[in-house]
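Working notes, structure below.
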Amino acid sequence: MPLLSVDEARERILSHFQPVKTESLPLGECLNRVLAQDIHAADDLPLFDNSSMDGFAIRAADVVSAAHASPRSLRVVADIPAGTSPTISLAEGEAARIMTGAQMPHGADSVIPVEDTDFSDHTAGTVAPENVQIFKVIKVGENVRSRGMDLHAGDTVLHAGRRLKPQDIGLLAMLGASEVMVYQKPRVALLSSGDELVAVDAPLEKGKIRDSNSYTIAALLESADAEVIRLGVAKDNFDSVKALFEKAVYLRVDLILSSAGVSVGAFDFVKSVIETHGNMDFWRVNMRPGKPLAFGEYRGIPFIGLPGNPVSAFVGFEVFVHPTVQKLGGLLNGGKPAVRVRSAEEINSDGRESYLRAEVHEENGILVAHLTGHQGSGNLHSLVQANALLIIPAGVKCVPAGQETTAWLL
Ligand code: AMP
Ligand code: MG
C-alpha cells in the first residue's frame, strides 16, 4: 500500500473526473447551480440615462448662482414618471419633474432633489408645479445614473464555472436571461456497510448502533449541490455489497460513495466485490483522522470508500469527496474558506497532516482556536461543538500555544 500525502491522494482522485453534462434551466431554478456558459451583456446597464432621485431634471448651467437666499426659478415643462420615455428637450430656464428610475429628458444634465427646491411635497399623486424654485447649485451629472454606468454591452459579466448566487440571478434577470445553461447536479449513490448498523427509526438491539453516516454524508452531499441516491446499508457479506453496487450501476450514477468496511482486515467484502468487477486502489494517506482510503471503479463507475468512524468519514468527505463533487459539478475556484488562526493551546501531533475539531472565535481582532471535546474519531459531538477544522501540516509534531495555523471554517 503506497503512502500518499493528502495533496497527492486528492490530485490522483480528481484526475479521474470530468464535469457532468449541462442542461438549460429557467432562471428561477438556477440558484446555487453552476453556470456552464460565459454570460455576455447584450445591452448596456442601465440601458438609458435615468434619475437616481425624485426631483427635477435641469441644466446645471441654469442654476450656477442658486442659493437659499436667492433661488433660481425654472419653468416646469414636463412630468416624467418611471416607465415612460420623455419626448421633450429642455431649453434654457426649463425643468422637468422626474421620479427615481425615470428616463432623463434630452437637454437635462442633472437632477436636483425635491428637498433642494420649494416643491418638497412628497405625497403621492401631487401634480407638478408650473414653476420651481431651486435652492442649490448642482454639478453636471449629479443624481443621474448614466447609460452603461454599471456595465457595457459585450462585457463578460459571469464566467462559466461559477455557482450562482442570489445577486447573480438578479443580474441575469436584468440582462433578460430567462433560460440559463448550467451543469447538471452530479448524482452520487451512497451506501453504508456493517452488520452493526440499524435504521434511525428501528429499535436498537444489543450491540447495534444507528446508521448516522448515511445522514451526515447525504447532508454533506446536498450541501455540495449533489443529487443523493441513498442505497441503504450493505451487510458484511459479498452478495449484499454487490447488490447495492449493481443498483448504482443500474441508476447510472456519477460516483459511488461508501462508508466503513475499508479498514484493513474488515473491508474484504468491498474489496473483493470491486476487484471482481472493477479495479481497486487502496492507499494509505498521511493524514489523521483517516484510515486507508479506498478508491477505484465498479463496472466503469468511480468509487470512493470513506472510513466508518463518523468523524473520519466527515473529514474524508471534506478533504477528498467535496472537491470531487465540485469538479463533477463543473465548479471552478471551489475549495474551503480557509483562515489563519492562533491556537489557544499547545497541540501535539504525530506528524501526519491532521484535521482537528476546533472552535474559532475572535479575541481583540485575532482569530483564536480552542480544540473541542474528545478528538477521537468516533466522537461526533465534538465536531458539532466545533466550527472549524484546524489543519496541522504534515511533519509538524508540536504547535506551541499562540502559533498560527490554517483552519477551514465549517
Ligand atoms: P469499520 O470501518 O467498518 O471498521 O467501522 C469503523 C467504525 O465506524 C465502527 O465503530 C463502526 O461501527 C462505525 N461505523 C461504521 N459505519 C457507520 C455508520 N454508517 N454510522 C455510524 N457509525 C458507523
Ligand atoms: Mg464495519
Restricting to strands (runs of 3 or more DSSP E) lying wholly in the stretch 1-99: which have 2 or more residues that are in contact (Cβ under 8 Å) with a residue 24 or more places away in the chain and more than 38 Å from the chain's Cα centre (by Cα)?
55-58, 72-80, 94-98
Just one of (1) outside any loop (DSSP other than H, G, I, E, B); (2) under 30 Å from residue 107 (Cβ atoms); (3) touching a helix residue (DSSP H, G or I) at 6+ places or on another chain (Cβ under 8 Å) trips up residue 133, so point out which.
(3)
Looking only at the stretch 195-230, count every residue that is of a type in the set (Lys, Arg), more than 16 Å from ligand 2 (Cβ to nearest atom) and more than 30 Å from residue 185 (Cβ to Cβ) and tell me the total.
1
Filter the stretch 182-227 for residues that are assigned to a strand (DSSP E or B), more than 9 Å from ligand 1 (Cβ to nearest atom) and either surrounded by fewer than 18 Cβ atoms within 10 Å (Cβ to Cβ) or not hydrophobic (A, V, I, L, M, F, W, C) (or both) and give the result.
183, 187, 198, 227
Cβ-Cβ under 9 Å, sequence separation 6+ or interchain: first residue in the stretch 157-178 and in a helix (DSSP H, G or I), partner of a type in the set (Lys, Arg). Which pairs?
168/162
Being in a helix (DSSP H, G or I), in contact with a Lys or Arg (Cβ under 8 Å, 6 or more places away or on another chain) and more than 16 Å from ligand 2 (Cβ to nearest atom) is the filter here; which residues of the stretch 299-340 pass it?
318, 319, 320, 322, 323
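Select from the stretch 236-245 the residues that are of a type in the set (D, E, K, R) and surrounded by 16 or more Cβ atoms within 10 Å (Cβ to Cβ) and write down the one among them that is modelled with the lowest pLDDT.
Filtering first and then ranking leaves 236.
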Conditions first: (1) surrounded by 13 or more Cβ atoms within 10 Å (Cβ to Cβ); (2) in contact (Cβ under 8 Å) with a residue 12 or more places away in the chain; (3) closer than 18 Å to residue 310 by Cβ. Residue 376 passes all but one, so which condition is the exception?
(1)
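Considering 340, 299, 352, which residue is open to solvent by 20 Å² or more (accessible area, probe 1.4 Å), in contact with an Asp or Glu (Cβ under 7 Å, 6 or more places away or on another chain) and not small (Gly, Ala, Ser)?
Answer to the selection: 340.
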Pair list, Cβ < 8 Å and 6+ apart or interchain, from the stretch 200-224 residues that are within 30 Å of residue 334 (Cα to Cα) to residues that are more than 16 Å from ligand 2 (Cβ to nearest atom) and assigned to a loop (DSSP other than H, G, I, E, B)
211/199; 211/200; 212/200; 215/200; 224/329
Residues in the stretch 250-260: is at least one farther than 23 Å from residue 316 by Cα and free of Cβ contacts under 8 Å to residues at least 24 places away in the same chain?
yes
Exception for residue 287 within (1) touching a strand residue (DSSP E or B) at 6+ places or on another chain (Cβ under 7 Å); (2) closer than 24 Å to residue 247 by Cβ falls at (2)
Among (1) out of contact with any Pro (no Cβ under 8 Å at 6 or more places or on another chain); (2) open to solvent by less than 10 Å² (accessible area, probe 1.4 Å); (3) more than 16 Å from ligand 1 (Cβ to nearest atom), where does residue 326 come up short?
(2)
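Only one residue in 124, 153 is at pLDDT below 95, more than 25 Å from residue 92 (Cβ to Cβ) and open to solvent by 40 Å² or more (accessible area, probe 1.4 Å), so which one is that?
124
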Criterion (within 16 Å of ligand 2 (Cβ to nearest atom), aliphatic (A, V, I, L, M) and either open to solvent by 80 Å² or more (accessible area, probe 1.4 Å) or part of a loop (DSSP other than H, G, I, E, B) (or both)) met by exactly one of 262, 253, 233, 273:
262
When residues of the stretch 302-313 are filtered for being open to solvent by 10 Å² or more (accessible area, probe 1.4 Å) and within 18 Å of residue 3 (Cα to Cα), how many remain?
0
Quick one: would you say residue 62 is out of contact with any strand residue (DSSP E or B) (no Cβ under 6 Å at 6 or more places or on another chain), among the charged types (D, E, K, R) and within 30 Å of residue 119 (Cβ to Cβ)?
yes
Go through the residues of the stretch 9-16 one by one and say whether even a single one is over 30 Å from residue 315 (Cβ atoms), of a type outside the set (Ser, Thr, Tyr), surrounded by fewer than 19 Cβ atoms within 10 Å (Cβ to Cβ) and modelled with pLDDT of 95 or more.
no
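The values are calculated or read from the model by the stated rules, or taken from the named source; none is laboratory data. Note that this is a predicted model, so its numbers are computed, not measured. When we count neighbours, we look across all protein chains shown, and the Cβ atoms used for this are built from the backbone with ideal geometry, even at glycine. Only protein heavy atoms, including side chains, enter the accessible area calculation; ligands, DNA and RNA are left aside. Shrake-Rupley method; radii C 1.70, N 1.55, O 1.52, S 1.80 Å.
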